[in-house]
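To start, the structure itself, in structure tokens.
Computed from the coordinates by the stated procedures, all read-outs in this text should not be read as laboratory data. Here the structure is a predicted model, which is why all the values come from computation and not from measurement. FYI the Cβ positions are ideal-geometry reconstructions off the backbone, even for glycines, and counts take in every protein chain you see.
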Amino acid sequence: MSSNRLPESSRPLNGGKSLILRPMMEADRQMVGHIGWDSWRSTGPLDRAMTDPAVAQKVKEAFLRFPFELALDVTVAEIEGAIAGWGARETQRDVISDIWISPDHQRRGIGRSLVLHFCETMRREGVKQARISTHQNNFAAQALYKSCGFETVWQGMERDAVMELEIPKVRLRRRLY
């Protein structure tokens, strides 16, 4: 986790509940992995290659390892004391690498809050643009990112290191200045 993090913030959600965005803590790590896996599964297979049980097992193992292995900038979204989702930036300061929301909490504004939080963090750090990518068939994610001011800048095949497959991806960008 980064030491120059913004303090935790609270904002109202659709439905009136308060959403708290805060840095991931040690006690959150296992839940963060499970939420990522549950969220990935909830999208359903986005293409035929993702229906392979061996691919799904690789993805599950990667999600469960992810919060323990890397020194990440991970922000969790908490509602009434429970983690409802999370987002991350890894090594590239201008890239939002992950946005994952628990299936029970999707479509309530949590993903949008996380994306905008990372954009504001990057802007404060002097980053000129934010980048994010998703599967070409993940139309819900693309709509979310576009509603946050991102625009598609590339579409094509890209190798996914976890799945060890070439998958159709979309890259999006938002200017911060």
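Only helices enter this figure: runs of n ≥ 4 DSSP H residues, each worth -39500 (n - 2.57), summed and divided by the residues of the chain, yield -10000 deg cm²/dmol at 222 nm to the nearest 500.
So, in nm, how far is label MET25 from label LEU64 when the simple model puts each one 7 Å beyond its Cα toward the Cβ? For the pair MET25/LEU64, the computed spacing is 2.5 nm.
Report Rg/Rh for the range 9-127, rounded to two decimals, where Rg is the Cα radius of gyration and Rh the Kirkwood radius. Rg/Rh for the range 9-127 comes to 0.97.
Place a point 7 Å from the Cα of ARG159 along the Cα-to-Cβ direction; which residues of the range 91-122 have their backbone N under 20 Å from it? From the range 91-122, the list is 91-92.
Listed by chain and number, the aspartates and glutamates whose alpha-carbon sits under 16 Å from that of LYS128, ignoring those within fewer than 8 places in the same chain, are ASP94, GLU120, GLU151. The convex hull around the C-alpha trace of the range 90-171, projected and averaged over every direction, spans 5.8 square nanometres.
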